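Note sheet for the following structure.
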Amino acid sequence: SIIKALDCMDKCDVALILIDADEGITDQDITIAGYAESRGCGAMFLLNKWDLLDGERKSVKKFMEELRYKSKFLSYAPAMTISAKTGQRCHRVLDEVVKIYREYCFRISTGVLNRIIEDAVFREEPSLHKGRRLKFFYSTQVATRPPGFVCFVNFPDAVHFSYKRYL
């Protein structure tokens with residue numbers, strides 16, 4: 001099933017990551033979500049079998065907190081509770097996929113992007129490199145589907161992967 005999922009992710013723009021809510025969030029679910037993120041897919045979590053959960057386990061807030069904790073790398077991905085058996089909220093899935101795809105194809109102007117990067121760097125300063133602060137001079141979007149950005153920095157190799165992810 002993993003190989004089939006990986007093949008599909010190579011061909012798709014938006015990955016729907018289906019989680020069995022009755023079983024809970026498994027390491028396998030998070031692994032597949034990681035593959036979707038690393039392949040540059042837009043992503044959405046679908047929590048299926050929501051109708052099977054009893055009142056004690058049916059806290060959406062608690063379930064979402066656990067999902068966000070385990071999948072920090074996809075904090076931007078929306079999540080929706082559904083029931084394939086009863087059809088609960090299934091009609092909303094494609095509307096959400098269309099929204100995700102629009103964001104996936106969105107192009108942001110260079111000026112706006114530079115202001116966003118400037119604000120992000122101001123809020124969370126990058127680490128020092130050999131006693132000198134990293135400076136972000138200029139940023140531009142170079143691709144869509146998936147969105148790709150280039151930042152011109154005084155020490156490009158010194159930008160930590162976690163800071164890249166933050167930006």
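The values are calculated or read from the model by the stated rules, or taken from the named source; none is laboratory data. Not measured: the values here are computed from a predicted model. No Cβ is skipped: glycine too gets one built from the backbone with ideal geometry, and neighbour counts run over all protein chains shown. SASA here: full protein model, heavy atoms, side chains in, ligands and nucleic acids out. Shrake-Rupley method; radii C 1.70, N 1.55, O 1.52, S 1.80 Å.
Here are a few things to note about the model shown:
- Comparison of SER109, SER71, SER83, SER75 shows that the only residue that is in contact with a Cys (Cβ under 9 Å, 6 or more places away or on another chain) and polar (S, T, N, Q) is SER83.
- Among the criteria (1) at pLDDT below 90; (2) more than 18 Å from the chain's Cα centre (by Cα), the one LEU6 does not fulfil is (2).
- One residue from ASP27, ASP20, ASP10 being surrounded by 13 or more Cβ atoms within 10 Å (Cβ to Cβ) and acidic (Asp, Glu): ASP20
- Among residues of segment 35-56, those that are closer than 17 Å to TYR104 by Cα and touching a residue at least 40 places away in the same chain (Cβ under 8 Å), counted: 5
- Some residue of segment 98-111 being under 17 Å from the mean Cα position of the chain (by Cα) and farther than 19 Å from PHE45 by Cα: yes
- Of the residues making up segment 53-77, those that are at pLDDT 85 or above and more than 19 Å from ARG165 (Cβ to Cβ) are VAL60, LYS61, LYS62, PHE63, MET64, GLU65, GLU66.
- All positions within segment 43-56 that are under 13 Å from ILE82 (Cα atoms) and open to solvent by 20 Å² or more (accessible area, probe 1.4 Å): ASN48, LYS49, ASP51, LEU52
- Test: residue in segment 35-42 that is loosely packed, with under 13 Cβ neighbours inside 10 Å and closer than 30 Å to LYS164 by Cβ: yes
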